[in-house]
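The values are calculated or read from the model by the stated rules, or taken from the named source; none is laboratory data. Please read all numbers here as calculations on a predicted model, not as lab measurements. Neighbour counts run over all protein chains shown; Cβ positions are idealised from the backbone, glycine included. All accessible areas refer to the heavy atoms of the entire protein, side chains included, with ligands and DNA or RNA removed. Shrake-Rupley method; radii C 1.70, N 1.55, O 1.52, S 1.80 Å.
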Amino acid sequence: MNTFEPEALVAAMMSQLKNQPQWQAWTASNNSMPGIPGAFPFPSLNSFPSSASIADTMSEQITEVLNQLGGTIDPQDMTRLQQEYIAKLTALWQDMLQSKPVALEDRRFKAPEWHNSSIHAYTAASYLLNAEYLTSLAEAVQAPKKIKQKIQFSVAQIADALSPANFLAMNPEAQGKVIASHGESLTKGMVNMLSDMQKGRISQSDESAFDVGQNVATTEGKVIFENELIQLIQYKPLSSTVHQRPLLIVPPCINKFYILDLQPDNSLVRYALEQGNTVFLISWINPDATLAHVNWDDYVQNGVIEAIRVAQAISGQEKINTFGFCVGGTLLSTALAVLAARGEQPAASLTLLTTLLDFEDSGILDVFVDEIQVEMREKTIGQHGLMSGRDLGSAFSSLRPNDLVWNYVQSNYLKGEEPPAFDLLYWNGDGTNLPGPMFCWYLRNTYLENNLKQAGKLLVAGEKVDLGKIDAPVFIYGSREDHIVPWTSAYASMALLNPKKQSRNRFVLGASGHIAGVINPPAKMKRNYWFNSSAAKTAQQWFDGAESRPGSWWPEWSAFLAEHGGKKVKAPTKFGNTKYKVIESAPGRYVKVSC
C-alpha cells in the first residue's frame, strides 16, 4: 500500500514547475516594480529559506537598495540600531531557551498553528524582529525626500515578501492543510496558481460569481451616445420630480465606472437618482491596439467635453452639475479649464472626489515616478502603444501587498482555498488599459513636473489651461486614510479653484481610504466625516477647526447639489432626444471589455 508523503509530493511538483518557461516569465514579471530596486520579490517555489537566511537576504537586499538609490545612514544611527537589534534578538532567544510563550500580534500569524509550536512561534517572532530592524534602518536613511520614500517602500516590499507565512515549508497552517487533506489542498493550490498564471494576475475574488449588468452595475438606464472613447449613460429617474440641471459623472478611466454602482444598497449613482437628480455617466472604453495613438487631449475633448455637450443638449440646460472621481476629476477640471479659455462656463457646480490637481505630494504613488522611469515609458509607448491594465493593477496591489498580494498567495496557493465572492475585489481586478501617449503625458505633466497647477503652463486641446478660470462653486472630498490621494493634497485644490472667491469652495473629509471612504451610503450609518464651512490656508488649519460628524458625507454633498440644481421639474419619461437616441441598455458594451 502506497503511503502519502507530503514532502515527496511537494518536491516532485516543485521540480516540474521550476523549469516551466511560463512560471519563470510570470515570477520574473512580478519580481520588480518600475524604478523600485529589489521590490516585490515573489518567493521562488523551489526555495524554502530558513529564518537565518531570511535575515541575511533582507540585509543584502537593503544594502543593494541603498547602493542603487544613493542613500546613506549615519554611522552613529547604524551602531545604535544594531545594538538595539542585538539586545532584542538576545532577549528573544533567551525566552525561547526558557520555553516562554511568544506574543504574536501580527495578524499574519494569528492562526493557532503558529502558537502551538515553539519553532514556528519563534520563527515568526524572529522574522518580525528582522523586519522591524530593517524598517528602522530605512527610516534612518539620509537622502532626499523622494529617494527616502523609495527606499522605505522597497524595504517594506522586501520585508513583506519574506514573511515565513509566504512559504509552504515555513507555514504550519498550510502544512496542516496538506496533511489533513492528504495532499488535496496542495493540488488545489497548484491549480489555482496555474490558473492565475494564465490570467496574468492573482485572483482576489470568485470572479464566476459576478456578471456586469446582472448583479453589479444594475441601475436602470440607457446608453444614448458613444464614440471611440466613451459611452454616455442616462439613468432612469427614481423620483417624480428632478432638479432642472442634470448631474454628469466622470469616473476614473483607469478603472471601470461601476465602483459607483456596485449594488443597489451602496450605489452612489442610485443615491443621486433618489435625491432627485437626472444622472448622466461616462463609461470609458478599455483601449486596444486601435486606440494606441490616443492622447490626453483626446480624452479631454472627445471624452469629457463631448459628454458635457450631450448632457446639455438632452437636458436643455446650459449649465449642469459636474462630478469627477480620482483621475476623472483631473480630466474634468482640465476640460472645464479648456472650456473657460473658450469663453464657456458649463458647470453649475464642480464636485471632486479624492482628486489631485496639485501633485506636489502625490503620496505613495510617487515611488513609481522619476525622470528615468518616465523617459523609459515615453520611449516605449509615448508615441504609440498601451499601458497594460494588468501592470497598473500590479502597481496598485503593491501599495498594500499584505492585503492584496500575500494574503492570496497564502490562501489560494499554499492552502488551496478558493477566494470568496466579493464585489469590491471583483471590480478591483477588472482593470483597463490606457493609451501610451495619454498615460505618458499624464505622468510627466502631473506626477513628475506638476504642471497642471501652473496657470497657462499647459496647452490642452488648443487652449492654455488655467484652473483658476473655472467659474463654479466647488465641493471637494478627501479620505483621511487615502494612500493614493493624500487628503492634504486633495485639500490643496481649494487654493487653485476660485482663487479670488474662496467662500465658493467647500471641503469635506471622510474616514477610511480611497474607495471605502467614498462608498459610504448613509443607510449603513458607518464611519464619520469632518466638516468645516470655512476655508483655511492650510489643510491642518482647516482640520483643527473642523467638526466630526457621524455617518456618511453623502447628505452634505446632496445638499450642495440641490443648491445648484435649479428648480424642480417633472422627471423625464424618455431617454435621450431626437438627436441622441437609445443605443443599448446600461451598463453598455464598453464596461464589459476585459484586459
Rounded to the nearest 0.05, what FRET efficiency do Val569 and Arg549 have when you use their Cβ-Cβ distance and R0 = 45 Å? 0.90
Can you give the accessible area per residue of region 332-445, in Å², using a 1.4 Å probe? 33 Å²
In nm, the gap between the two label points placed 7 Å beyond Cα toward Cβ at Asn116 and Thr135 is 2.9 nm
If you stretched the chain out fully between Glu318 and Ser181, how much longer would it get, using 0.36 nm times the residue separation minus the C-alpha to C-alpha distance? 42.7 nm
In percent, what relative contact order does the chain have, based on Cα pairs under 8 Å that are 6 or more apart in sequence? 17 percent
Return the lysines within reach of Lys469: Cα separation strictly under 27 angstrom, same-chain partners fewer than 8 residues apart disregarded; answer none if there are no such residues. Lys319, Lys453, Lys457, Lys500, Lys501, Lys537, Lys567
Using the basic label-point model (7 angstrom from Cα toward the beta carbon), what is the Lys199 to Glu417 distance in nanometres? 1.6 nm
For region 221-592, build the charge dipole from Cβ charges (+1 Lys, Arg; -1 Asp, Glu) around the Cα centre, then report which of Gly324, His293, Gly393 sits farthest towards its positive end. Gly324
Multiply the residue gap between Gln454 and Thr241 by 0.36 nm, knock off their C-alpha separation, and tell me the result in nm, one decimal place. 72.5 nm
Quick check for me: using +1 on Lys/Arg Cβ and -1 on Asp/Glu Cβ, what's the dipole size of the chain about its Cα centre, in debye to the nearest 20? 2060 debye
Surrounding charge for Arg270, neighbours by C-beta under 10 angstrom, Lys/Arg +1, Asp/Glu -1, total -4
Using a 1.4 Å probe, what is the accessible area per residue for region 81-197, in Å²? 48 Å²
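Counting only other residues whose beta carbon sits under 11 Å from that of Asp298, what net charge do I get with K and R as +1, D and E as -1?
Every neighbour counted, the sum reads -3.
Please report the carbon-and-sulfur percent of the accessible area for the chain; probe 1.4 Å, protein heavy atoms only, DNA, RNA and ligands left out.
That share works out to 51 percent.
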Env charge @ Met376, Cβ radius under 14 Å, K,R +1 / D,E -1, value -2
By the Cα gyration tensor axes a ≥ b ≥ c (a/c under 1.5 gives rounded; else a/b larger than b/c gives prolate, otherwise oblate), the shape of region 221-592 is rounded
Which one, Gly71, Val460, Gly429, projects farthest toward the positive side of the charge dipole computed for the chain from Cβ point charges (K/R +1, D/E -1)? Val460
Any DSSP H helix in the chain with Cα axial reach of 30 Å or more and mean Kyte-Doolittle score of at least -1.0? Listed by number, the hits are 75-97, 118-140
So Asp206 and His293, fully extended at 0.36 nm per residue minus their Cα-Cα distance, gain in nm 27.9 nm
Separation between the Gln345 and Thr578 pseudo-spin-labels, each 7 Å from Cα along Cα→Cβ, expressed in nm? 3.2 nm
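With a probe of 1.4 Å, find how much accessible area region 497-558 has per residue, and write the answer as a whole number in Å².
47 Å²
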